[in-house]
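The values are calculated or read from the model by the stated rules, or taken from the named source; none is laboratory data. Given the structure is predicted, the values throughout are model-derived calculations rather than measurements. Cβ placement follows ideal geometry from the backbone for every residue including glycine, while neighbour counts extend to all protein chains displayed.
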Amino acid sequence: MGDNMENIHEGHRDRMRDKFLKSGLDSMASHEVLEFMLYHSILRHDTNAIAHNLMNAFGSLPAVLDAPYEELLKIDGVSKVTATFIKFELQLMRRYFSEKTELAIPIKSVSDCGNYLLGRYIGYNNEVASLLCMDNKCNVLGFEVICEGDIGSAVFSSRKIIETVIKYRATTAILAHNHPGGIALPSNDDIEATKGIISALSHVSVLLLDHIIIADGDYVSLADSAEYKCLF
């Protein structure tokens, strides 16, 4: 019986691999994508049931990938190896985008900037502030996470900002941070932090062009907002 079940699972896996190679992930339902992904951390057991357990618990494929490690371990069939693999997949996406866009590219519009930053923020469930450093033609020179935590807190220091623009020899920069689980609208602390950073960068002749706030796959540009564009 055990050998027969193993042969059935292996035949199913072969068919899923053929489907992926022929038509890609777009041909698969979300639970099938997850099932296929789990083949690489669960070598001999049926991953279909585990994929359904994960989808039932979290509601969607993105929610599974975003789920905290500790919450993944609560799902029947999910081991430490599998939970680690799921978290690895999400960070691999961010790393892929990061390394693919390392070469200098021009930021010609708010949408260019927003789309660039959305890729850099894949998988962050905590608040992360970053700086996009550019030359005077808005070619990207570097991207760096400045801090993790409340943007209005002391950890978001002007010193780190200045060190970063000097490191990349930037003449212009764009500040970004995310609102995990919230909406892409600025708080009073966000506005005050923006003012402070504009002032700090002016002392090293670097122009802050924008502050982008990211939330739930969306973003807001302060420089493109009628209420806040006067800051820049």
Name the helices (runs of 4 or more DSSP H) wholly within the stretch 32-94 that hold at least 3 residues that are under 18 Å from MET16 (Cβ atoms) and either among the aliphatic types (A, V, I, L, M) or in contact (Cβ under 8 Å) with a residue 40 or more places away in the chain (or both)? 48-58
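Pick from LEU92, LEU72: which is of a type outside the set (Phe, Trp, Tyr) and surrounded by 14 or more Cβ atoms within 10 Å (Cβ to Cβ)? Give the derivation first.
On the way: LEU92 fails: surrounded by 14 or more Cβ atoms within 10 Å (Cβ to Cβ).
The match here is LEU72.
Rundown of residues vs (1) of a type outside the set (Asp, Glu); (2) at pLDDT 85 or above, yes/no style:
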position: ASP3; (1), (2): no, no
position: LYS22; (1), (2): yes, yes
position: MET28; (1), (2): yes, yes
position: VAL33; (1), (2): yes, yes
position: LEU38; (1), (2): yes, yes
position: SER41; (1), (2): yes, yes
position: HIS45; (1), (2): yes, no
position: ASN48; (1), (2): yes, yes
position: ASN53; (1), (2): yes, yes
Take the residues of the stretch 201-232 that are more than 17 Å from SER111 (Cβ to Cβ), modelled with pLDDT of 90 or more and in contact with a Leu (Cβ under 9 Å, 6 or more places away or on another chain): which is surrounded by the fewest Cβ atoms within 10 Å (Cβ to Cβ)? SER202
Got at least one residue in the stretch 136-156 being modelled with pLDDT under 90, surrounded by 14 or more Cβ atoms within 10 Å (Cβ to Cβ), among the aromatic types (Phe, Trp, Tyr) and closer than 20 Å to ASP216 by Cα? no
Counting only residues that are of a type in the set (Asp, Glu), surrounded by fewer than 17 Cβ atoms within 10 Å (Cβ to Cβ) and more than 14 Å from LEU131 (Cβ to Cβ), which one in the stretch 158-200 is modelled with the highest pLDDT? GLU192
Which condition breaks for ASP66 when tested against (1) at pLDDT below 90; (2) loosely packed, with under 13 Cβ neighbours inside 10 Å? (2)
